[in-house]
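Values in this text are rule-based calculations from the coordinates and carry no lab data. Keep in mind it's a predicted model, so treat the numbers as computed, not measured. Cβ placement follows ideal geometry from the backbone for every residue including glycine, while neighbour counts extend to all protein chains displayed.
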Amino acid sequence: MEHSIYKYILRYSMKQQVILTVLSVLSFPALYYYLELPKLIINQAIQANDISFPVEYIGFEFDQTAFLYLTVGLFLLMVVINQAFKYVINVYQGITGERMLRRLRYELYCRILRFPLPTFRKKSAGEIIPMITGEVEPLGGFIGEAFALPIFQGGYLVVIMSFLVIQNWVMALAAIALYPLQAYFIPKLQKKVNLLGKERVRLVRYLSDQLGESVSGVEEVHAHDGSNYMRAMFSNQLGKIYDVRYRIYLLKFVIKFLNNFIQQLGPFFFYAIGGTMVINGSLEVGTLVAAIGAHKEMAAPWKELLAYYQRREDARIKYEQVVEQFEPVGMRDEDNQLIEPEEIPRLTGELIASNLELSDDTGNRILDGLSARLKLNQRIAIIGPAGSGREALTQVLARLIDPDRGRLIVGDLNLVTVPEAIVGRRIAYVGQHGYVFNASLGDNLFYGLRHRPLHEVNYTGEAEAARLAYIRNAELSGNSTDDVDADWQDYALAGVEDQETLRDRALEVLEMVDLGDDVYRLGLRSTIDPDQEPETAELVLAARRLFFDKVEADPSLKNMIEAFDQHTYNTNASVAENLLFGTPVGDAFDLDRMAENRYVRKIIEEAGLTETFLSMGYQVATLMIELFAGLPPDHEFFQLYSFISSEDLPDYQALLGRIDADRLDTLREEDRLRLMSLPFKVIPSRHRLGVLTDDIEEKIVAARQRFAEELPAHLKSSIAFFDAEAYNPATNLQDNILFGKIAFGYAQAAEKIGTVLSQVVAEMSLRGTIIEVGLNFQVGSAGGRLSASQRQKLCIARAIIKHPDIIVLNQATSSLDLSTQVRLMKNILEEFSDRAVIWSLDHADKTLDFDCVMILKSGRVAEQGEPAKLKETSTLYKEMLAAS
């Protein structure tokens, strides 16, 4: 990247800067006449000095009044022309600046993708992210005005000064008499502000890093009671930033004071000198008024130029600091990532590592002249003590780290220098802690297949126009024009033909890494849009019918699930669920705050249930307070009777203490809502409080009908009603199949119903469909919604599914339990029976199923050979086997 912001601007926006400069120059004549016309209006049109009426002007004859209107009209025209120039220049400046800002951010992001891995051990995300998102933000505004603003505003000043000189050179000299003082003092003060600005940026980066550590290490903070220490550290850093910003503000307001003070001295000289000249008759009043007006016009451009100088220095510092941080030693060449070879050769035969050397940032030698020959149809285990270089070797072999010296040869290819397209598709790597992106489970699984868009989307109409506009803006900003919505899946790389066969392969790989059952369960808990996936919705409805056929056929199951029936009260569902008879969509109907909903209260009132609910709420509150009296907050009763939390218990005690059961109709609105909210949570068969009678249940069923029929149009999309013949889009797959509530009080009801559900899924061959739905599950930030073992299995599956010639695993299963490790190793070794597996292991006893064992020591190969032979000949291998 260019190290000077001006060189960067000229390199990528020379044409735009020239256009802005030309527009600025073209605006000057209109500006001069805008300044000249007030003098003409006062001296000639109003005072008739040196002119006799009628007067001939531009081929027409005007009396004094008409001439006044003409000159005023011309003045208005100049105002419009000047503002039009300003509008066009400002808009074009904004567009230019935003495009350049987009280019700069894109370039910085591309450079991150080329950083060598060791860079990220010294720079945290908390430091890098603010540079791209926040620190470069002001540069967009500056880039647009970098040349146009000084030319426009400077030219503005020159025009005004020329006008003043033409009117009277003495007043012109008075107007600029104090400008040299500003030109001398302001840069000196600004230099101090710039140095403080650098310090502020450095401190804010450190603050971002500290914030990132607090978020990432919050478990350690809680585990060691470190919150007070963390607060003190954060407060200390805030204090340092405050001190710097305070000093910046002091200097900035000194600069502002000087500017304003010197600017206000101008009128003093005009009134004193100009007034004297008018009294002496050496100057006309109109000329003085025009000069005063011109001087006022000078204030804006001069102020803009001073502000521009401050912004320029700030932008220069920010740009130089950012560029400095984005030029680490060892950054890969850009072409290495962008080049797309005509053919991606297979990596077969033998991999020859020759004299590999690698040092860390302290100069410590990690790999010390390592050489080895590896057959790429074998399963190779790498073992060694701590500090042997095992991890570094696997990363070098996967081309994640470039060695300081040495070569990696496969056939005619040197893997150290070939394009990333080759090693990224033919070699897969899984580390000990694989990373999962904040996307769907499927997006993460197929990430290794997305290298280039292979099948473009066929846009039409407005979508096509929007796409073309996007491409044009991306090209002007130096951004990628690839369509993120295109089909990026490289089916050939995965060894499949299309999306359907890729889905089958995905199911196979998920089972291989022991993730199939997990994704199946996620699928059961996921929802689908029946309009987008009508076939899946129909299969679920068919499964629902088969499920109830099985339940009806088995007398022991009939009472274990209570199906939803429009005309019957479901005793295993809450009062709120019975009233809605559907699944809420959005926040309009919050099951925990039903009493606060106006429409719900209206239906309750029309059903004659308001007083009943108040009485029920009073009974429930009284029973809960009696039941919870003296119980600890973590008692199981609080979970079973979840109407009132342990935190809210004192509030309800106080509420019951100030009300009378016979005068509930006189309660305040707030107290009424609190009591009325409790009955909505009652589940008769679970809580058995005796507050719901048959009569009340019948009224709720009747209110259910009215609730659906009178639902306002703006609320119709806020609930998905239960329908035995329709798929409910707001409910997950499992609940759509069950279409009811599992009964409370029956031994092993959930397990038995789950068994029937599994039978239905098996008979209808739905497992694959449900797993496919599970692939749409959003895994959260860094896969936070998955367990650690699920994340690691997903990373292994991602590596397998792209069908690499070489898979490199660096203790990839060490975080899993022992039985899972054994099972996954067996499956992976079978999958790669004719391809290369290079596996760095922490225990020597795991190497016995491999074809070759490589033992590292001090960054070199100490022993290499078949496990059986090494057991006989290698003392080191025997010792490691004994130790494991």
Among K198/K303; K741/K826; K86/K240; K86/K256; K375/K826; K375/K802, which pairs are too far apart, with a Cα-Cα distance over 31 Å? K741/K826; K86/K240
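I'd like the antiparallel share, as a percent to the nearest 5, of DSSP beta bridges with both residues in the chain.
65
Quick one: net charge around R835, please, counting Lys, Arg +1 and Asp, Glu -1 for every other residue with C-beta under 15 Å from its C-beta.
On the way: positive: R346, K375, R379, R425, R426, K802; negative: E350, D805, E830, E831, D834, D851.
Summing Lys and Arg as +1 and Asp and Glu as -1 gives 0.
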On C-alpha positions alone, give me the angle between the axis of helix 148-167 and the longest principal axis of the chain, in degrees, nearest 10. 20
Going by Cα centres, region 1-74 and region 811-858 are how many Å apart? 81
So for F680, F85, fewest C-beta neighbours within 10 Å to most, what's the order? F85, F680
Just flag the GluC sites (Glu not before Pro) in region 495-575 sitting in loop per DSSP whose Cβ has no more than 13 other Cβ atoms within 10 Å. E497
Three-way shape label, the chain, alpha-carbon gyration tensor, a/c 1.5: oblate
Cut-off under 12 Å on the C-alpha distance; same-chain residues fewer than 8 positions from K869 excluded. Which aspartates and glutamates are left, in chain and number order? D851
So which trypsin sites (Lys or Arg not before Pro) in region 336-379 pass both tests, a DSSP loop state and at most 15 other Cβ atoms within 10 Å of the Cβ? R346
Net charge of Cβ neighbours under 11 Å - reference K240; Lys, Arg +1; Asp, Glu -1: +1
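Under 1.5 on a/c is rounded, so check that first for region 675-766, then, if it is not, pick prolate when a/b is larger than b/c and oblate when it is not; a ≥ b ≥ c are the square roots of the alpha carbon gyration tensor eigenvalues.
On the way: a/c = 2.73, a/b = 1.27, b/c = 2.15.
Oblate, because a/c is 1.5 or more while a/b does not exceed b/c.
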Relative contact order of region 574-720, defined on C-alpha pairs under 8 angstrom at six or more residues apart (%): 50
Pairs of alpha-carbon atoms within less than 8 angstrom and 6+ residues apart define the contacts here; what relative contact order does the chain have, in percent? 18
Can you classify region 5-325 as rounded, prolate or oblate using the Cα gyration tensor, where a ≥ b ≥ c are the square roots of its eigenvalues, rounded means a/c under 1.5, and otherwise it's prolate if a/b beats b/c and oblate if not? prolate
With M14 itself left out, Lys, Arg at +1 and Asp, Glu at -1 over residues whose Cβ is under 14 Å from its Cβ give +4
Radius ratio Rg over Rh of region 574-720, counting only Cα atoms, Kirkwood formula for Rh: 0.97
Protection proxy (average C-beta count within 10 Å per residue), highest first, orders 591-599, 103-111 as 103-111, 591-599
